[in-house]
1. Check whether at least one residue in the range 95-108 is crowded, with 18+ Cβ neighbours inside 10 Å and touching a Pro at 6+ places or on another chain (Cβ under 7 Å), and report yes or no.
2. Take the range 1-27 and flag every residue that is touching a residue at least 12 places away in the same chain (Cβ under 8 Å), more than 12 Å from the chain's Cα centre (by Cα) and surrounded by 12 or more Cβ atoms within 10 Å (Cβ to Cβ).
3. Return only the number of the condition from (1) in contact (Cβ under 8 Å) with a residue 40 or more places away in the chain; (2) on the phi > 0 side of the Ramachandran plot; (3) touching a Ser or Thr at 6+ places or on another chain (Cβ under 6 Å) that Gly70 does not satisfy.
4. Of the residues Gly76, Gly70, Gly88, which is of a type outside the set (Phe, Trp, Tyr) and at pLDDT below 95?
5. Return yes when Tyr65 is more than 18 Å from Thr101 (Cβ to Cβ), open to solvent by less than 40 Å² (accessible area, probe 1.4 Å) and in contact with a Lys or Arg (Cβ under 8 Å, 6 or more places away or on another chain) and no when it is not.
Amino acid sequence: MSKVYLVQDIPVDRESGQPKYNVMGAQKYGEITVMLPAKAQMIFSPGPLIFQIRDKLKNFTTDDYLLLSGDPAIIGVTCSVVSDMTNGKYKLLKWDRQEKTYYPLEINIFQN
């Protein structure tokens, strides 16, 4: 079965203690695996975080999906790492606000 790699966990609303948004709709594409906590940030020395991202993605395959949530710098590094591992081919899930559902996108950065 495919996995859905959630880049960063969903932030929690301070008042209610509930997640700010629900990603359970992504489960139809595979088991959701959270890579990093919501408060993780890429600071001045990105090396340790990049090492952690590579470790979390060590079993990523082209059958899996990325669910892009969190710090844009971390999202960019995650896509770069996955692209390096899969020769530029990977899948991600895009949220459609109007239809309120996720759509899979297949990325091939070397496609002409």
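The values are calculated or read from the model by the stated rules, or taken from the named source; none is laboratory data. Predicted, not measured: the structure shown is a model, and the values here were computed from it. Cβ atoms come from the backbone with ideal geometry, glycine included; neighbour counts cover every protein chain shown. When the accessible area is computed, the model is the full protein with side chains, heavy atoms only, and any ligands, DNA or RNA have been set aside. Shrake-Rupley method; radii C 1.70, N 1.55, O 1.52, S 1.80 Å.
1. If we filter the range 95-108 for residues that are crowded, with 18+ Cβ neighbours inside 10 Å, which is where we start, we get 102.
Still in the list and also touching a Pro at 6+ places or on another chain (Cβ under 7 Å): none.
Checked against the condition, which is being crowded, with 18+ Cβ neighbours inside 10 Å and touching a Pro at 6+ places or on another chain (Cβ under 7 Å), the range 95-108 yields no hits at all.
2. Hits for the range 1-27 are Ser2, Pro11, Val12, Gly25.
3. Only one criterion in (1) in contact (Cβ under 8 Å) with a residue 40 or more places away in the chain; (2) on the phi > 0 side of the Ramachandran plot; (3) touching a Ser or Thr at 6+ places or on another chain (Cβ under 6 Å) is unmet by Gly70, namely (3).
4. Values: Gly76 fails: at pLDDT below 95; Gly88 fails: at pLDDT below 95.
Of the residues listed, the single one that is of a type outside the set (Phe, Trp, Tyr) and at pLDDT below 95 is Gly70.
5. Values: more than 18 Å from Thr101 (Cβ to Cβ): no; open to solvent by less than 40 Å² (accessible area, probe 1.4 Å): yes; in contact with a Lys or Arg (Cβ under 8 Å, 6 or more places away or on another chain): yes.
In short, no.
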